[in-house]
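Q: Please read through the structure below; I'll follow up with questions.
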Amino acid sequence: MHYKHILVALEISEESNILIERAVFLAKQLDSRISFIHIDGTHGEIYPDIVDIKATPDLRPLDSHKMEQLKAFEDNANFPISQFFIGTGDLSDKLHGVIQDSRVDLLICGHHQDFWSRIVSYSQHLINKSPVDILVVPIES
C-alpha cells in the first residue's frame, strides 16, 4: 500500500518522538505528508472542537505550557507537518472525522508495554474505531 497522508497520535511525553521518527522515515520513503493529532483527555471534553493550529495559530484549546510542549514536537520533527490537530475528549471518538476530512490513510500510535496497559489498552479503542490502517509502535515503560 502507498500511504499519502500519515497521522501521528501524540501524547505529551518524550516517547512521542519515537512515533515521529517512524512517521518521518515512512514519509520520506513513500513521499507522504505528515500531520499530528493530540487530544487531551485529562479533563474530559472541555473544548469540543478540533483545532488545526497550523491553519489557526491564534486558537489555543490547551494551556500555554502544553501548547509549547506540542509545538516542540513539530520543531524537532525535521520534516514539514501539514496539519496539527488539537482538542479535548476521547481520541478514538475524534479520529473518524479528522481522518476522513484530511484524507489520512495511515494512523501511527504508541502502545505502552507496562502493567496498566495490559489491563486497559487505549490503543485497542483506536484499533476498534479507526477507518484506516494503523501502525502501533510498542513503547517500553
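Q: Testing Ala27 on (1) crowded, with 20+ Cβ neighbours inside 10 Å; (2) of a type outside the set (D, E, K, R); (3) part of a strand (DSSP E or B); (4) at pLDDT 95 or above, one condition comes back false. Which one is that?
A: Going through the list (1) crowded, with 20+ Cβ neighbours inside 10 Å; (2) of a type outside the set (D, E, K, R); (3) part of a strand (DSSP E or B); (4) at pLDDT 95 or above, Ala27 breaks only (3).
Q: Please work out which residue is surrounded by the most Cβ atoms within 10 Å (Cβ to Cβ), limiting yourself to region 30-56 and to residues that are of a type in the set (Asp, Glu) and over 23 Å from Arg103 (Cβ atoms). First the steps, then the outcome.
A: Step one: list which residues in region 30-56 are of a type in the set (Asp, Glu), which gives 31, 40, 45, 49, 52.
Filter once more, keeping what is over 23 Å from Arg103 (Cβ atoms): 40, 45.
Working: Asp40: 21, Glu45: 15.
Among those residues, the one meeting the criterion is Asp40.
Q: Taking Gln100, is it polar (S, T, N, Q), at pLDDT 90 or above and either closer than 21 Å to Pro131 by Cα or surrounded by 16 or more Cβ atoms within 10 Å (Cβ to Cβ) (or both)? Quick ask: steps written out before the conclusion?
A: On the way: polar (S, T, N, Q): yes; at pLDDT 90 or above: yes; either closer than 21 Å to Pro131 by Cα or surrounded by 16 or more Cβ atoms within 10 Å (Cβ to Cβ) (or both): yes.
Against the criterion (polar (S, T, N, Q), at pLDDT 90 or above and either closer than 21 Å to Pro131 by Cα or surrounded by 16 or more Cβ atoms within 10 Å (Cβ to Cβ) (or both)), Gln100 qualifies.
Q: Hey, another quick one. If a residue has to be at pLDDT below 75 and out of contact with any Ser or Thr (no Cβ under 9 Å at 6 or more places or on another chain) to count, how many in region 37-53 make the cut?
A: Residues in region 37-53 being at pLDDT below 75 and out of contact with any Ser or Thr (no Cβ under 9 Å at 6 or more places or on another chain): 0 in total.
Q: From Leu70, Leu59, grab the single residue that is touching a strand residue (DSSP E or B) at 6+ places or on another chain (Cβ under 8 Å), touching a residue at least 24 places away in the same chain (Cβ under 8 Å), farther than 21 Å from Lys129 by Cβ and surrounded by 12 or more Cβ atoms within 10 Å (Cβ to Cβ). I'd like the intermediate steps shown before the answer.
A: On the way: Leu59 fails: touching a residue at least 24 places away in the same chain (Cβ under 8 Å).
Testing whether each residue is touching a strand residue (DSSP E or B) at 6+ places or on another chain (Cβ under 8 Å), touching a residue at least 24 places away in the same chain (Cβ under 8 Å), farther than 21 Å from Lys129 by Cβ and surrounded by 12 or more Cβ atoms within 10 Å (Cβ to Cβ) leaves just Leu70.
The values are calculated or read from the model by the stated rules, or taken from the named source; none is laboratory data. Because the structure is a prediction, the values reported are computed rather than measured. Reconstructed Cβ throughout: ideal geometry from the backbone, glycine too, with neighbour counts over all protein chains shown.
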